[in-house]
Amino acid sequence: MKKTIEECLKNKKTANFSFDADNTDKFRTGYVCAYNDEYIIIASMSKRGLYDGFILYKMQDLFQIDTDNEYSKKIHRLYDLKNQKHPDFPESDGDPLKTLLNFASEKKYVVSLCLEDSYVCGYIKDFDDIHISVDVIDDYGKADGSAVVKISEIKNIFCDSYLEQDAKLLYAAKNRINGRTIKGIKAVGRSRGRKRRNTRKS
């Protein structure tokens with residue numbers, strides 16, 4: 001499988017990536033941005049061939065890659081016809097997770113850290129080898145304090161997918177004053193932020 005992953009990385013080859021062995025009809029379409037023995041990052045494309053951010057998965061959950069099939073060819077064709085483009089993803093230096101977190105922080109992308117039964121959405125505040133600190137945004141675009149998540153508990157990370165893009169738009173709209181947007185997250189007491197029930201599809 002690593003040979004196929006390397007081909008998808010080197011050539012930005014669009015493929016279908018399956019991470020749910022119990023549901024073979026469920027997959028993610030896109031190309032590989034980075035990987036190591038622990039993680040893989042997919043530049044995701046929506047069912048309509050639109051830019052859909054970046055998603056980090058655990059390599060152990062990847063069980064199938066389909067290339068050169070009609071569906072992935074269709075999505076790739078739509079992606080080109082609609083003039084879609086992912087921002088250039090930096091070289092990972094062997095650590096896709098840290099690369100993604102730095103990338104999201106520098107680009108000011110909203111991320112969703114997905115746990116087993118919940119997720120935390122917001123801006124990366126800080127991180128180390130054990131924890132990620134997030135300035136949380138709720139479902140309505142309001143600042144909702146901060147949260148600290150253990151990296152070991154994270155199943156996957158969505159970065160600038162359509163849901164995160166919507167959260168960012170709502171947040172910006174709520175913080176716009178006289179046509180100018182306030183930068184950064186407004187502090188909300190000493191809240192740790194609420195973890196929401198994980199209804200996201202991998």
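Condition first: in contact with a strand residue (DSSP E or B) (Cβ under 6 Å, 6 or more places away or on another chain), under 22 Å from Q165 (Cβ atoms), assigned to a loop (DSSP other than H, G, I, E, B) and among the aromatic types (F, W, Y). Can you find one or more residues in segment 52-70 that meet it?
Checking segment 52-70: not a single residue is in contact with a strand residue (DSSP E or B) (Cβ under 6 Å, 6 or more places away or on another chain), under 22 Å from Q165 (Cβ atoms), assigned to a loop (DSSP other than H, G, I, E, B) and among the aromatic types (F, W, Y).
When segment 99-138 is examined, which residues are found to be buried (at least 16 other Cβ atoms within 10 Å of the Cβ) and assigned to a helix (DSSP H, G or I)?
T99, L100, L101, F103, A104 - these are the residues of segment 99-138 that are buried (at least 16 other Cβ atoms within 10 Å of the Cβ) and assigned to a helix (DSSP H, G or I).
Could you count how many residues in segment 139-177 are assigned to a helix (DSSP H, G or I), exposed (fewer than 15 other Cβ atoms within 10 Å of the Cβ) and either at positive phi or among the acidic types (D, E) (or both)?
Matching residues across segment 139-177 total 2.
For residues that are farther than 14 Å from I157 by Cα and of a type in the set (F, W, Y), scanning just segment 42-68, find the one that is surrounded by the most Cβ atoms within 10 Å (Cβ to Cβ).
This residue is Y51.
Which of the residues spanning segment 75-98 are part of a helix (DSSP H, G or I), of a type outside the set (A, V, I, L, M, F, W, C) and either touching a His at 6+ places or on another chain (Cβ under 9 Å) or over 17 Å from A43 (Cβ atoms) (or both)?
Once the filter is applied, which keeps residues that are part of a helix (DSSP H, G or I), of a type outside the set (A, V, I, L, M, F, W, C) and either touching a His at 6+ places or on another chain (Cβ under 9 Å) or over 17 Å from A43 (Cβ atoms) (or both), segment 75-98 yields only K98.
Do you know which of the residues in segment 1-42 that are of a type in the set (G, A, S) and within 15 Å of M59 (Cα to Cα) is farthest from the chain's Cα centre (by Cα)?
A21
Residue-by-condition table, conditions (1) of a type in the set (D, E, K, R); (2) surrounded by 17 or more Cβ atoms within 10 Å (Cβ to Cβ); (3) within 25 Å of E7 (Cβ to Cβ):
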{"position": "D25", "(1), (2), (3)": "yes, no, yes"}
{"position": "I40", "(1), (2), (3)": "no, yes, yes"}
{"position": "E70", "(1), (2), (3)": "yes, no, yes"}
{"position": "L78", "(1), (2), (3)": "no, no, yes"}
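FYI, it's all coordinate maths here, none of it is from the lab. Everything quoted here is computed from the prediction, not taken from an experiment. Positions of Cβ are generated from backbone atoms using ideal geometry, with glycine treated the same way; all protein chains shown enter the neighbour counts.
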